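Scroll down for the structure; my scribbles are underneath it.
The values are calculated or read from the model by the stated rules, or taken from the named source; none is laboratory data. Because the structure is predicted, anything quoted here is derived from the model rather than measured. Cβ sites come from the backbone with ideal geometry, for glycine too, and all protein chains shown count toward neighbours.
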Amino acid sequence: MGAFEHRCEVCGTTALLTPDEAFDSGWDYPPRMGMWGVISPRTCGHCSIADTLWWAIQQGELDLADPMGWPEDRRTTLAQILNESQEGLR
Ligand SMILES: [Zn+2]
């Protein structure tokens, strides 16, 4: 798989990386970590899993049944994940 744009959901930084390059620099990102289109952390090497959408759902801070009630940045992250294709971001 070639390089594709990675976007950290916490700090918003983007980087054009291959999956191996992303993994080696500490990103939690599909396809090495998690699956496309499935909620899991999308973070760069500097950000914490505890600031991710995935974590907030695990902690019960966000209700998956009511995403319209979420803060806008959380909804943006959900939309990003749900819009992923097998090649990463569209
Ligand atoms: Zn980050």
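Some observations on this one:
Conditions tested, residue by residue: (1) modelled with pLDDT under 95; (2) in a helix (DSSP H, G or I).
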| residue | (1), (2) |
| --- | --- |
| 16 | no, no |
| 35 | yes, no |
| 41 | no, no |
| 55 | no, yes |
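- Picking from residues in segment 17-47 that are closer than 19 Å to residue 80 by Cα and without any contact (Cβ under 8 Å) to a residue 12 or more places away in the chain, the one that is farthest from the ligand (Cβ to nearest atom) is 35.
- Residue that is surrounded by the fewest Cβ atoms within 10 Å (Cβ to Cβ), among those in segment 2-11 that are under 19 Å from residue 85 (Cα atoms) and either within 10 Å of the ligand (Cβ to nearest atom) or not small (Gly, Ala, Ser) (or both): 5
- Taken together, the residues in segment 38-50 that are farther than 19 Å from residue 16 by Cα, of a type outside the set (Val, Ile, Thr) and more than 8 Å from the chain's Cα centre (by Cα) amount to 2.
- Leading residue by the ranking (surrounded by the most Cβ atoms within 10 Å (Cβ to Cβ)) among those in segment 44-67 that are aliphatic (A, V, I, L, M) and within 12 Å of residue 9 (Cα to Cα): 53
- All positions within segment 19-30 that are in a loop (DSSP other than H, G, I, E, B) and surrounded by fewer than 14 Cβ atoms within 10 Å (Cβ to Cβ): 25, 26
- Taking the conditions (1) within 15 Å of the ligand (Cβ to nearest atom); (2) more than 12 Å from residue 7 (Cβ to Cβ); (3) over 10 Å from the mean Cα position of the chain (by Cα); (4) crowded, with 17+ Cβ neighbours inside 10 Å in turn, residue 70 satisfies each one other than (1).
- Count - residues of segment 73-88 that are of a type in the set (Lys, Arg) and within 11 Å of the chain's Cα centre (by Cα): 1
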